[in-house]
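What follows is a set of notes on a single structure, which appears directly below.
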Amino acid sequence: MIDLLIKEDEKDLKNMGFIINEKTNTYTANIITVNGILTASQHQCIGKAAELFGNGIIKLSTSFTIEVRGIPYEKINDFRKYIEKENLETGGVGPKLRPVVSCIGTDCRYGLTDTLSLSDEIHERIYNKYKNVQLPHRFKVAISGCPNDCTKINLCEIGIISQYIPNFNEDKCKGCKKCSIEDICPMDACKVEGEKLQMDKSICSNCGRCVDKCYFDAIVNGTYGYKVFIGGKGGKVKTEARALNKVFTSKEEIFDLIEKALLFYMENGQPKERFAKTIERIGFEEVEKELLSY
């Protein structure tokens, strides 16, 4: 009887976050976290649930979810009820919007913006709204707090990189033969040519390391923002995400963009087609025009 139920309910169970292990005929539960952060009581709850309902093994996934293994079919409902008391839920698999993945942002010396706060808000405003909506395929959102890109945004449907665009005051530049800005630029985008510093915006990553490094105050501040890439895809055949032709300077713009991208994908994506393929089929310029329209 259990075998028949497993066969009938397998798709529904996967949508709930339970993946069958056909070798053992048990399930792995995928528990959602926000940024991979859990309270001590939530950790304890998951550990106890793994002992009571699973095989005692817990695994961390690359998507900041927690996997509890070895859960028999007949214990799935009890497992879900047990973790609900600590406000934990399963999900995050199948053709849906996946939980947001973020680096630690300003907790890192290179972090330019508070990516944890941004991903929290995306989780509350976007993920919770669309988590049960069926999409043509999975849809991932990742955030990196600086151009070092620790979250590999180039392989996600939407990738966000924090920016600190230097405000260069050319009038204060002295054209020093040994320029402190040229020395510190990790991209070799800044060079003194003639009597002034020249900044090549085509290779500048807006990492912000040059801000406040000029002895003559040619760059004393900058503008914080976000560069957004779309259409990345991992897997056997990878597709590199491409940058939109705009730097976004507010969180509200990011929320609107993600929701627009999801709605566009729902309307235009074909079954089992990744967002990268949808963009390729329609054309990047057309998709960009749609996403940036107001």
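Values quoted throughout were computed directly from the atomic coordinates according to the rules given, and no laboratory measurement underlies them. The structure presented is a predicted model; accordingly, all values stated were derived computationally and were not measured. As a convention, Cβ positions derive from the backbone with ideal geometry for all residues, glycine included, and neighbour counts pool all protein chains shown.
Could you tell me whether region 243-252 includes any residue that is in contact (Cβ under 8 Å) with a residue 24 or more places away in the chain, small (Gly, Ala, Ser) and within 21 Å of residue 121 (Cα to Cα)? Can you show your working first?
Applying the first criterion (in contact (Cβ under 8 Å) with a residue 24 or more places away in the chain) to region 243-252 yields 244-247, 249, 251.
Of the ones still in play, those that are also small (Gly, Ala, Ser) are none.
Looking through region 243-252, none of the residues is in contact (Cβ under 8 Å) with a residue 24 or more places away in the chain, small (Gly, Ala, Ser) and within 21 Å of residue 121 (Cα to Cα).
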For residues that are in a strand (DSSP E or B) and closer than 18 Å to residue 246 by Cβ, tally how many sit in region 132-165.
-> 11
Residue 186 vs (1) outside any helix (DSSP H, G or I); (2) of a type outside the set (A, V, I, L, M); (3) out of contact with any Cys (no Cβ under 7 Å at 6 or more places or on another chain): all pass except (3)
Expected output for region 64-82 (first residue polar (S, T, N, Q), partner in a strand (DSSP E or B), Cβ below 8 Å, 6+ apart or cross-chain) is 65/30; 65/31
Inside region 265-294, can you point out the residues that are buried (at least 18 other Cβ atoms within 10 Å of the Cβ) and among the aromatic types (Phe, Trp, Tyr)?
-> 265, 275
Filter region 114-131 down to residues that are under 14 Å from the mean Cα position of the chain (by Cα) and part of a loop (DSSP other than H, G, I, E, B), then give me how many there are.
-> 1
Residues satisfying the stated conditions in region 19-37, i.e. touching a Gly at 6+ places or on another chain (Cβ under 6 Å) and over 11 Å from residue 93 (Cβ atoms) | 26
Neighbours by Cβ (under 6 Å, 6+ apart or cross-chain): first from region 108-134, closer than 14 Å to residue 252 by Cα and in contact (Cβ under 8 Å) with a residue 60 or more places away in the chain; second in a loop (DSSP other than H, G, I, E, B) and not hydroxyl-bearing (Ser, Thr, Tyr) | 119/35; 119/100; 122/100; 123/100
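Looking at region 86-113 only, could you name the residues that are more than 13 Å from the chain's Cα centre (by Cα) and within 18 Å of residue 65 (Cα to Cα)?
Selection gives 86, 87, 88, 89, 90, 91, 92, 93, 94, 95, 96.
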Complete set of residues in region 117-162 that are surrounded by fewer than 19 Cβ atoms within 10 Å (Cβ to Cβ), within 19 Å of residue 89 (Cβ to Cβ) and not aliphatic (A, V, I, L, M) | 120, 121, 124, 125, 128, 129, 130, 131, 132, 134, 138
Members of region 68-90 that are crowded, with 18+ Cβ neighbours inside 10 Å and part of a strand (DSSP E or B) = 68, 69, 71, 90
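Is it true that residue 174 is in contact with a Phe, Trp or Tyr (Cβ under 7 Å, 6 or more places away or on another chain), in a loop (DSSP other than H, G, I, E, B) and surrounded by fewer than 18 Cβ atoms within 10 Å (Cβ to Cβ)? Before the answer, list the steps.
Numbers: in contact with a Phe, Trp or Tyr (Cβ under 7 Å, 6 or more places away or on another chain): yes; in a loop (DSSP other than H, G, I, E, B): yes; surrounded by fewer than 18 Cβ atoms within 10 Å (Cβ to Cβ): yes.
Taking the combined requirement at face value, the residue satisfies it.
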Single residue of region 223-245 satisfying the filter (over 18 Å from residue 273 (Cα atoms) and hydrophobic (A, V, I, L, M, F, W, C)) that is surrounded by the most Cβ atoms within 10 Å (Cβ to Cβ) = 228
Any chance region 197-210 includes a residue that's crowded, with 16+ Cβ neighbours inside 10 Å, of a type in the set (Asp, Glu), at negative phi and free of Cβ contacts under 8 Å to residues at least 24 places away in the same chain?
-> no
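Look through 47, 54 and report the one residue that is farther than 30 Å from residue 155 by Cα and surrounded by fewer than 20 Cβ atoms within 10 Å (Cβ to Cβ).
Working: 54 fails: surrounded by fewer than 20 Cβ atoms within 10 Å (Cβ to Cβ).
Selected residue: 47, the only one of 47, 54 that is farther than 30 Å from residue 155 by Cα and surrounded by fewer than 20 Cβ atoms within 10 Å (Cβ to Cβ).
When you scan region 91-113, how many residues do you find that are farther than 18 Å from residue 131 by Cα, not β-branched (Val, Ile, Thr) and not in a loop (DSSP other than H, G, I, E, B)?
Residues of region 91-113 that are farther than 18 Å from residue 131 by Cα, as a first pass: 103-113.
Applying the additional criterion that residues be not β-branched (Val, Ile, Thr) yields 103, 105, 107-112.
Those still in the list that are not in a loop (DSSP other than H, G, I, E, B) too: 105, 107.
Total meeting the criteria: 2.
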